[in-house]
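Heads up, the thing below is written out as structure tokens.
None of the figures in this text is laboratory data; all of them are computed from the coordinates on show. What you see is a predicted model; the values in this text were computed from it and never measured. Positions of Cβ are backbone-derived with ideal geometry, glycine not excepted, and every protein chain shown enters the neighbour counts.
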Amino acid sequence: MTEILFIAHRIPFPPDRGDKIRSHHILKRLSRIAPVHVATFADDDHDLAEEVELAAIAASYRLVGRSRPLALSGMQALAKKRPVSLTAFHDRTLAAYVRDVIDTRPISVIYVFSGQMGQYVPADFQGRVVMDFVDVDSAKFEAYAARRGGPMGWIEAREGRLLRAEEERLACRADVSLLVAKPEVDLFLSRLPEELAACVDVRVLGNGIDSQGFDPARVAPTQLMASPPGARLIFTGQMDYMPNITAAERVIERILPQVRAEIPDATFHVVGRNPPAALLDRHGRDGAFVWGRVDDIRPWLKAATLALVPLDIGRGVQNKVLEAMAMELPVVLTSEAATGIPGIDGTHFQIADSDGGLARAVKMLLSDTRRARIMGMAARRFVVEEASWRSALAALPEIIGWRTRPRTVRDAA
């Protein structure tokens with residue numbers, strides 16, 4: 001009898017943000033293979049309310065509310081010379097649960113979702129360890145540091161350096177390491193010592209999309225967003241995440257004015273939880289609207305004319321792009337936002353990197369509605385045919401070392 005321990009930094013319910021969407025579908029697939037025990041955190045009351053969903057799928061679980069202030073985690077991390085990310089996600093009760101499950105259940109596989117959670121894998125565990133990094137966190141913090149400078153730049157450079165060492169340790173510890181796209185695998189391997197990179201097993205496990213759920217024919221537009229006349233540009237995501245904040249500010253300050261100079265009734269809509277006050281203050285001003293958390297992103301995508309995703313730091317596959325494509329929206333995005341999505345520029349989406357290039361692409365598609373419609377239809381067709389969760393996770397049983405038993409004469413009878 002084989003059982004699985006799944007360790008994740010956030011409860012995989014509801015699947016309403018990039019990391020939760022991936023962990024949600026992976027957990028569901030694992031639960032069809034064997035009983036799964038889940039150790040995870042809740043960020044807030046919304047997460048805690050999803051405990052009933054977790055209880056329905058898990059053989060056992062431990063859900064811990066994460067309430068330690070980030071500043072306290074930062075001070076503790078400095079004192080212990082550890083990454084802030086690991087300190088923020090360290091909890092004794094969760095560690096005790098992991099130990100108890102391993103000691104009392106026939107756990108043959110530990111699936112670790114996100115690098116912060118590798119700290120929970122006991123050194124004496126003899127089974128298979130799958131480490132799903134998703135993307136290269138250390139490189140992300142290094143990019144933050146290079147852009148900021150000052151005290152925050154120093155903190156982020158430190159985080160990037162320490163996380164890089166942790167990624168090396170976990171790659172050596174794991175039987176298989178996973179990243180969301182081939183560019184992330186290449187980046188991850190390039191940052192390991194040459195002798196380690198030559199002997200570790202690092203693979204792609206891509207993201208998918210629920211194309212039946214994200215079907216524009218089944219969704220009505222929200223009137224909150226559909227009521228303003230004119231073209232409506234949309235950007236979605238977790239809005240307390242710095243790359244998303246930077247992207248939204250980039251549109252409001254530099255791209256939208258260029259668009260509105262020729263298309264005065266164009267508006268830009270930011271939809272996603274926890275936007276900072278600086279963004280909320282822009283709501284209703286100069287064609288920008290910041291809506292915050294919504295229960296269902298699909299009616300908002302249905303109400304949009306075009307998705308604009310100008311990320312300049314993008315790690316892994318952007319679910320926001322796949323969701324917009326599934327909803328038949330034409331998408332204008334940067335090269336960073338297109339990473340890991342094997343669509344064709346000019347057919348399935350439009351890539352530009354400069355502010356002027358992004359503005360020109362938006363204006364072109366808003367002015368040529370036939371071209372925009374054809375691009376949206378091609379985008380949905382691509383998602384349906386090439387980006388399902390079923391195909392994305394087809395290799396998961398082999399990754400965790402699961403094999404179906406051979407058929408016997410008795411089975412055949």
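Going from the residue with the fewest nearby Cβ atoms within 10 Å to the one with the most, Lys81, Lys363 rank Lys81, Lys363.
FRET efficiency for the pair Thr369 and Arg293, taken as 1/(1 + (r/R0)^6) with r the Cβ-Cβ distance and R0 = 35 Å, rounds to 0.65.
Using the Cβ atoms and a cut-off under 10 Å, what net charge is assigned to the surroundings of Val84, where Lys and Arg are +1 and Asp and Glu are -1? Once positives and negatives cancel, what remains is 0. Distance from the C-alpha centroid of segment 106-120 to that of segment 203-224: 29 Å, rounded to the whole angstrom.
Using R0 = 45 Å, the C-beta based FRET efficiency linking Thr2 and Asp312 works out to 0.55.
The separation of segment 337-369 from segment 248-297, counted between C-alpha centres, amounts to 19 Å.
Between Ala95 and Ser354, the distance separating the two model label sites (each 7 Å from Cα on the Cα→Cβ line) works out to 5.3 nm. For segment 216-387, taking Cα atoms only, Rg and Dmax work out to 14.4, 41 Å respectively. Applying 0.36 nm per residue to the separation of Glu262 and Arg173 and subtracting their alpha-carbon distance, the gain on full extension is 26.4 nm.
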